[in-house]
1. Only one of (1) open to solvent by 30 Å² or more (accessible area, probe 1.4 Å); (2) within 20 Å of Val254 (Cβ to Cβ); (3) out of contact with any Gly (no Cβ under 6 Å at 6 or more places or on another chain) is not met by Ala183, so which one is it?
2. Does Ile253 satisfy the condition of being out of contact with any Cys (no Cβ under 7 Å at 6 or more places or on another chain) and under 30 Å from Asp173 (Cβ atoms)?
3. In the range 298-333, what count of residues is obtained for those that are surrounded by 11 or more Cβ atoms within 10 Å (Cβ to Cβ) and on the phi > 0 side of the Ramachandran plot?
4. I'd like the residue in the range 277-297 that is more than 19 Å from Gly114 (Cα to Cα) and surrounded by fewer than 15 Cβ atoms within 10 Å (Cβ to Cβ) and, out of all such residues, is modelled with the lowest pLDDT.
5. Applying the selection to the range 230-252, what residues are part of a helix (DSSP H, G or I) and either without any contact (Cβ under 8 Å) to a residue 12 or more places away in the chain or at positive phi (or both)?
6. Taking Val41 as the residue in question, decide whether it is open to solvent by less than 10 Å² (accessible area, probe 1.4 Å), not in a loop (DSSP other than H, G, I, E, B) and not polar (S, T, N, Q).
7. Restricting to the range 114-133, name every residue that is aromatic (Phe, Trp, Tyr) and in a loop (DSSP other than H, G, I, E, B).
8. Has the range 257-271 got at least one residue that is outside any helix (DSSP H, G or I), among the polar types (S, T, N, Q) and over 20 Å from the mean Cα position of the chain (by Cα)?
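The values are calculated or read from the model by the stated rules, or taken from the named source; none is laboratory data. In this text, all values refer to a predicted model and were calculated from it rather than measured experimentally. Every residue, glycine as well, gets a Cβ built from its backbone with ideal geometry; the counts of neighbours run over all protein chains shown. Ligands, DNA and RNA are stripped out before the accessible areas are found, and what is left, the full protein with its side chains, is counted by its heavy atoms. Shrake-Rupley method; radii C 1.70, N 1.55, O 1.52, S 1.80 Å.
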Amino acid sequence: MANQNQPTRIRPDHLLEFCTRVFAHLDVPEDDAWISADVLVSANLRGVDSHGVARLKRYVAGLRSGQMLPRPQVQVVHETGDTALLDGGGGLGQPIGVRGMKLALEKAQQNGTGFVTVRNSNHFGIAGYYPLMAAKEGLVGLAVTNARPSMSPTFGAQPMLGTNPIAFAAPSDMPFPFCFDGATTIAQRGKIEVAARAEKPVPAGWVIDDQGRDMTDPDVILEGLTNETASMLPLGGAGEAMAGYKGYGLAVIVEILSAALSGGPFMHGLSGLNADGSPAPHRLGHYFLAIDVTHYVPLDVFRGIVGNMARELQASKKAQGAERIYVAGEKEYERELAVRAKGVPVNANLRKTLVFLRDKLSVPGYEAYF
């Protein structure tokens, strides 16, 4: 049992099974239910708890309100040899994202590169899941997505852009692929939610109010992000002194790839609300890129160079007091090994949420899990 100081540890396969059952209970087809659950649990395995099973309640609410459709009509709107545009039909973002990335991989394996844009989708979970699909096949992958407004532009104090993450993965001869996955804000909304569940303040410099003042109370921040009295800051922070305009600019690039290239809505068009305030589909856009490296160099040559880059970075001179230099994907790899061995840590508040969903949706057989 969980207590105030020690989280419950739950086996990843138990969480995967439970989340799959929850999605299926809400009329999501079995394959789509498993994909949606796998993306959530994969986030926990990699240490991205902000996008893990804690988000299950959000998807349940979206499916029950009609904001997300369990059985969407996903259509190929336009297609060429190496490009495609998909319409997600307002469904769950995870199955739509997997379909988009798979299509990009197929095109890359045939033509060297594959470019797929998606419109009319929803939140697709941890962005790194999709380029890792490419890396596991020996390809390079990139995935970006826009999101409902939460970031203010440089010198602004109103949320205009989403956290708009960028994820990139490449195979290497290390035990893990290189994988960068990061929001274009200092911290994503999910980290604020994690802080709220843990009842801890967030650091100053992450979020500002509508007058440009720092905010640290996560509950007040989450309310402010909803009513636009709070804004997350772009990478680099407020103003130009620490190059906040770079995070702002990257977020706009993601918005262009996700919205302009797919012909979809952007910024406040992604609010997920009708004019009367009732729930509406978010209609997010995604962009996927896959590159078959064998159209350039042999795969073992590519993997060896990426691995040598990583080893040289790891072996470089360390700052005073630092014990280790990491490369992107390394911490997540080690975290996954540990979590698979010990279980996913679930704090008391998250455990209550899972129990609530189990009982509310009458999904029996999981009483021993949490």
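1. Evaluating Ala183 over (1) open to solvent by 30 Å² or more (accessible area, probe 1.4 Å); (2) within 20 Å of Val254 (Cβ to Cβ); (3) out of contact with any Gly (no Cβ under 6 Å at 6 or more places or on another chain) leaves (1) as the failure.
2. When the stated conditions are applied, Ile253 does not pass them.
3. Result for the range 298-333: 1.
4. Residue satisfying both the conditions and the ranking: Gly277.
5. Quick first cut of the range 230-252, residues part of a helix (DSSP H, G or I) only: 244-252.
Once the filter is applied, which keeps residues that are part of a helix (DSSP H, G or I) and either without any contact (Cβ under 8 Å) to a residue 12 or more places away in the chain or at positive phi (or both), the range 230-252 yields only Gly249.
6. Values: open to solvent by less than 10 Å² (accessible area, probe 1.4 Å): yes; not in a loop (DSSP other than H, G, I, E, B): yes; not polar (S, T, N, Q): yes.
When the stated conditions are applied, Val41 passes them.
7. Answer for the range 114-133, where residues must be aromatic (Phe, Trp, Tyr) and in a loop (DSSP other than H, G, I, E, B): just Phe124.
8. In the first step, residues of the range 257-271 are kept if they are outside any helix (DSSP H, G or I); the result is 261-266, 271.
Pick out the ones that are also among the polar types (S, T, N, Q) and you get 262, 271.
In the following step, the residues that additionally are over 20 Å from the mean Cα position of the chain (by Cα) were identified as none.
Within the range 257-271, none of the residues are outside any helix (DSSP H, G or I), among the polar types (S, T, N, Q) and over 20 Å from the mean Cα position of the chain (by Cα).
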